[in-house]
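The values are calculated or read from the model by the stated rules, or taken from the named source; none is laboratory data. Worth saying up front: this structure is predicted, and the values here are computed from it rather than measured. We place every Cβ from the backbone using ideal geometry, glycine too, and count neighbours over all the protein chains shown. Just the protein is used for accessible areas: all its heavy atoms, side chains included, with ligands, DNA and RNA removed. Shrake-Rupley method; radii C 1.70, N 1.55, O 1.52, S 1.80 Å.
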Amino acid sequence: MISFVRVQTGASKGPEGLSSLGSLLMAESSGDESPRGIGRSSQEGKEVTRKRPRGDKARSFISTVLDRESKSTGYTPVEDISRAARVEETVATTASLPTLKTPAPFVQKLFSLLQAEENQEYCRWTDNGKSFTIWNPDNFAKEVIPRYFRHNNFSSFIRQLNQYGFQKLRPDLWEFGHSDFRRGDFG
């Protein structure tokens with residue numbers, strides 16, 4: 001996304017006359033939403049503040065600035081245009097890459113506490129591996145929760161399970177399940 005506030009126009013020659021375009025391209029490549037450059041209008045000493053163009057308006061504005069610079073100075077910023085093209089190509093390429101999601105820390109800790117042998121007397125996977133059961137909530141809160149989390153509150157543990165979409169499967173037991181949380185299938 002292109003974002004900027006001030007634009008420099010002037011009668012200087014060469015690449016120095018495009019310092020505002022350089023800051024504009026830096027903002028595009030870094031993804032920063034609020035870079036600011038100091039600019040002067042055609043009337044010396046007066047600063048011009050413009051709204052932040054977005055999308056096609058930004059591309060149109062860039063071409064207008066390039067046209068003005070090349071007409072007033074005779075300089076055609078070929079390398080600046082090619083840099084803008086490279087930045088646009090990089091953005092397009094990165095947008096098409098798949099994003100790999102890592103499970104939340106709570107889910108990682110929950111999986112590791114269910115896998116640990118020393119916790120099997122307090123909680124374990126069910127036979128089908130689609131859910132897990134907590135056998136004694138009081139002992140689970142005293143012995144297991146503090147080893148994996150910064151608290152020993154069973155209610156907070158249940159609240160976090162609910163927050164991540166786990167559902168209590170049986171009203172008579174502390175058995176919880178989630179469609180994406182299976183024994184042996186993590187990540």
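A Cβ distance below 7 Å, combined with a sequence gap of six or more or placement on separate chains, defines the contacts here; from segment 165-187, residues that are among the polar types (S, T, N, Q) reach residues that are open to solvent by less than 40 Å² (accessible area, probe 1.4 Å) in the pairs 167/176; 167/177. There is no residue in segment 165-172 that is of a type in the set (D, E, K, R) and within 17 Å of residue 104 (Cα to Cα).
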